[in-house]
Amino acid sequence: MKDLSQRLNVTRQRIYQIIDKLPEEDQPKRTEKGRIILDDAVISRICEVGGWAVPNFQDTPLPESNEKNYEEIINVLKHQVEQQDALIEQYTRDHAVLQKQISIKDDQLKNQSETAKQQIKALNENLKGISKIADQAQALQLDAQTKFETTRKELVTTQEKLQRLQAIEENTSDTNQDETVKQPTKQGFWRRIFGN
């Protein structure tokens, strides 16, 4: 099959396509393993359906151009493989650089995360301190308010006592003036302070 495809300068797939198109009586025989047996009648029928001249296998050598074409294809493929290898090396280097950059960024993020955690911890400690100070300030304010109220009540009580004492002193001094007109009037302690 390979020899026929090279002599006709077509692919083996094309020959198989033509064989599939042949009528049942023109179909080639097959071996037990399923390989096609090409005889002269089948070859001439394939060439007739494909529109090719029947090759003479004894006189016609294989075309040399196929060997040259294969060498060219191999050279092109080698060149492409070399280019692919160079690209792979470049990608490997780029990948290593990117991995290093990612590692550096990852370390930076970890450091920033640790710093943020420490700052949050410090802020929480400050909030606890501020809360404690606020509680103390509230307790001091309550204590001051209680002392103020106590002092105010004492002042009111003292003023009431003072007013009673003044009233008693006035009553006493009126009585004493009547009894002792001749004696100069003495002013009491509270009168001297507050007047009449």
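The values are calculated or read from the model by the stated rules, or taken from the named source; none is laboratory data. Here the structure is a predicted model, which means the values were calculated and not measured. Quick reminder, even Gly has a Cβ in these numbers, built from the backbone with ideal geometry, and neighbours come from all protein chains shown. Heavy atoms of the whole protein, side chains included, go into the accessibility calculation; ligands, DNA and RNA do not. Shrake-Rupley method; radii C 1.70, N 1.55, O 1.52, S 1.80 Å.
Brief remarks follow.
- FRET efficiency, residue 85 to residue 134 (Cβ-Cβ, R0 41 Å, nearest 0.05): 0.05
- ³J(HN,Hα) computed for each position of region 114-130 - Karplus, 6.51 cos²θ - 1.76 cosθ + 1.60, integer Hz, glycine/proline x: 5, 4, 4, 4, 5, 5, 5, 4, 4, 5, 4, 5, 4, 5, 4, x, 5
- Scattering profile of the chain at q = 0.09, 0.17 Å⁻¹ [log10 I(q)/I(0), Debye over alpha-carbon scatterers]: -0.77, -1.16
- Protein accessible area in the chain, 1.4 Å probe - carbon and sulfur %: 53 percent
- Whole-angstrom gap from region 1-36 to region 136-169, using each part's C-alpha centre: 126 Å
- Sum of -39500 (n - 2.57) over DSSP H runs of 4+, divided by residues of the chain (222 nm, nearest 500): -27500 deg cm²/dmol
- A 1.4 Å probe run over region 1-146, with the rest of the protein chains in place, finds 84 Å² accessible per residue.
- For the chain, modelled as a GNM whose springs connect Cα atoms under 10 angstrom apart, the maximal fluctuation among 78, 153, 33 occurs at 33.
- Förster radius 45 Å - calculated FRET efficiency between residue 141 and residue 107 (Cβ-Cβ, nearest 0.05): 0.35
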